[in-house]
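For reference, the structure discussed in these notes is given below.
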Amino acid sequence: MNQNQFLLDSGFWGWLYKLLYPVEWLMTQIMAVFHKFLVMLGMNEIGFSWVMSIVFLVLVVQACVFPLFYKSMKGMRKMQAQMTVLQPKMQRIQNKYKGKNDPASKEAMQREMMKLYQDNDANPMGGCTSMLPMFVQGPVFMCMFYTLSAIPYIARGKFRDGQGLGAFDIATAKQFTSTTVFGVNVADNFTTAAVHGKVVIAIFVALMCFCLWFMQYNSMKRNMAQSAANKQTEMMQKMMLWMFPIMYIFSGIAMPFAVLVYWLTNNICNLLRSIWQIHVFPTPGSPAAEAKEKRDHVHENARRAKAGLPSLEEEALQKAKEAAEVKEKSGYQRQQPSRKKKKK
């Protein structure tokens with residue numbers, strides 16, 4: 001990259017990053033405020049305090065995204081449960097118009113489908129909201145990459161004719177670029193770092209790849225419905241399992257170490273969130289869903305035992321006995337009139 005010209009400020013990317021300036025400004029302010037707080041607690045102005053500021057920024061972003069993620073997961077699981085119930089009715093409507101390709105039949109089938117959704121308060125597009133957190137995090141990561149890449153140019157006075165970016169003026173940028181942790185300067189990448197720095201950067205990239213790989217692997221093994229398993233799906237899952245981590249290797253080598261700190265922290269948070277999501281909101285029909293049903297069964301029995309109530313098994317047995325008694329009683333009552341007729 002040209003040491004005197006910040007290439008991300010030119011062409012299409014320059015136009016895009018100017019649109020995202022409010023996000024970039026807010027990110028620099030969050031980092032600066034937390035850095036001042038750490039310095040107030042006794043940490044050095046130059047050093048680990050800036051790395052912790054990057055980590056704090058990730059946690060702030062994750063905290064902002066989590067409510068949206070939680071809401072989207074609840075909506076998606078509700079939609080999946082509704083689709084499971086409605087599937088037989090949808091199949092009947094499709095069979096009704098099977099082989100009819102005229103516009104009137106297609107329109108009639110769509111009307112019946114929409115009425116079915118409306119009558120059952122189902123939204124077939126509800127699952128699309130699960131993509132919203134990714135759409136939020138994407139621009140945030142772009143802004144983080146832009147901001148951390150711009151700081152060395154701000155420190156040299158080569159950014160927008162000597163201007164700063166949000167909370168980072170030239171003095172603050174010089175302080176940031178003087179930061180070295182684990183023997184690596186935060187502005188270095190794999191090509192500019194010394195041998196020791198290359199090893200540290202390689203470890204960070206490897207950890208990033210592992211987090212992404214394990215997240216995909218765990219989801220594929222525990223959160224995939226058995227009914228959805230087929231050769232095409234398995235091939236797609238395996239491709240994602242290895243393709244994206246390999247892409248990380250090439251992109252991670254070109255990133256400044258500060259961006260790798262952000263990226264690794266973000267990947268760890270995403271991995272933990274994925275594990276939590278599979279535990280709490282598993283895909284219906286998946287091994288994780290079966291494990292959740294067993295956990296919920298045990299927890300409900302424990303709650304009932306604590307409250308002095310019969311267990312689920314005892315309650316089911318009691319209902320079966322009551323149903324058998326009612327059936328036996330109704331059968332006895334049906335036999336009585338026939339006996340009276342025989343006596344007459």
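Miscellaneous remarks
- Residue list for the stretch 288-309, filter: part of a helix (DSSP H, G or I), farther than 23 Å from residue 223 by Cα and open to solvent by 70 Å² or more (accessible area, probe 1.4 Å): 303, 305, 306
- From the list 266, 218, the one residue that fits, being open to solvent by less than 90 Å² (accessible area, probe 1.4 Å), in a helix (DSSP H, G or I), touching a residue at least 12 places away in the same chain (Cβ under 8 Å) and in contact with a Leu (Cβ under 9 Å, 6 or more places away or on another chain), is 218.
- Wholly enclosed helices (runs of 4 or more DSSP H) of the stretch 1-112 bearing at least 2 residues open to solvent by 30 Å² or more (accessible area, probe 1.4 Å) and in contact (Cβ under 8 Å) with a residue 40 or more places away in the chain: 21-40, 48-96
- Residue 260 being surrounded by 13 or more Cβ atoms within 10 Å (Cβ to Cβ), in a helix (DSSP H, G or I) and touching a Gly at 6+ places or on another chain (Cβ under 7 Å): yes
- Restricting 147, 129 to residues that are assigned by the TED database to the domain that holds residue 29, touching a Ser or Thr at 6+ places or on another chain (Cβ under 9 Å), at pLDDT 80 or above and in a helix (DSSP H, G or I) narrows the list to 147.
- Residue count for the stretch 161-203, restricted to those that are touching a residue at least 60 places away in the same chain (Cβ under 8 Å), open to solvent by less than 20 Å² (accessible area, probe 1.4 Å) and among the hydrophobic types (A, V, I, L, M, F, W, C): 7
The values are calculated or read from the model by the stated rules, or taken from the named source; none is laboratory data. Note that the structure is a prediction, hence the values are computed from the model and not measured. Virtual Cβ from ideal backbone geometry, glycine too; neighbours counted across all protein chains shown. Each accessible area value is taken on the protein alone, full model and side chains, heavy atoms only, with ligands, DNA and RNA left out. Shrake-Rupley method; radii C 1.70, N 1.55, O 1.52, S 1.80 Å.
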